[in-house]
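The values are calculated or read from the model by the stated rules, or taken from the named source; none is laboratory data. Owing to the predicted nature of the structure, the values given are computational and were not obtained by experimental measurement. All Cβ positions, glycine included, derive from the backbone under ideal geometry; neighbour counts span all protein chains shown. To get the accessible areas, we keep the full protein, side chains included, count just its heavy atoms, and leave off ligands, DNA and RNA. Shrake-Rupley method; radii C 1.70, N 1.55, O 1.52, S 1.80 Å.
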Amino acid sequence: MPSSLLEGKRRERAIQAIIENHYAHSVSSGKSYYFGFESAIVSFSIPANKNVAHFLLGGEGCVWELSRLWAPDGHRRNLLTQAIAVAVKDLLGLEPDLDALVSYADPNVGHEGFVYRAASWWYLGQTEEQRYYVDQE
């Protein structure tokens, strides 16, 4: 089976589709891989939280974040779960030292993580909302 890794123009189109259609309207700024499966796009990135390996693994380790998951409205049932499975397999081929994957579901937009749990990911809880303000002076 060919790799689902998106490169070149296909990667650029995937990034544009995420920016235009994903509720965050953005992509990660760090190192990322984009994978396509049917009409779904899965993106893995280096986590923004540098301490995530310590939380998940109890020490140092190679952790990647499933940073974006998108498919057009009306997609077939189980598409996103299957897309995650294919993308994880292909990511392991690119990052053989991978120790863990993490993702976050945003309850503020109605996401509860069911797609991740259907893909056999473990639910580890919900973080508390935090807001930080910086004085402009």
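Quick check on my filter: what residues within segment 72-81 are crowded, with 16+ Cβ neighbours inside 10 Å and in contact with a strand residue (DSSP E or B) (Cβ under 9 Å, 6 or more places away or on another chain)?
L79, L80
Quick grid of which residues meet (1) farther than 26 Å from E12 by Cβ; (2) open to solvent by 40 Å² or more (accessible area, probe 1.4 Å); (3) at pLDDT 80 or above:
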residue	(1), (2), (3)
S45	no, no, yes
L56	yes, yes, yes
G61	yes, no, yes
W70	no, yes, yes
D90	no, no, yes
L98	no, no, yes
A118	yes, yes, no
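Taking A17 and the conditions (1) under 20 Å from Y123 (Cα atoms); (2) open to solvent by less than 30 Å² (accessible area, probe 1.4 Å); (3) not aromatic (F, W, Y), which numbered condition does it fall short on, given that it satisfies the others?
(1)
What tally of residues in segment 100-116 results from selecting those that are part of a loop (DSSP other than H, G, I, E, B) and either at pLDDT 70 or above or closer than 16 Å to N49 by Cα (or both)?
Going through segment 100-116 one residue at a time, the tally reaches 2.
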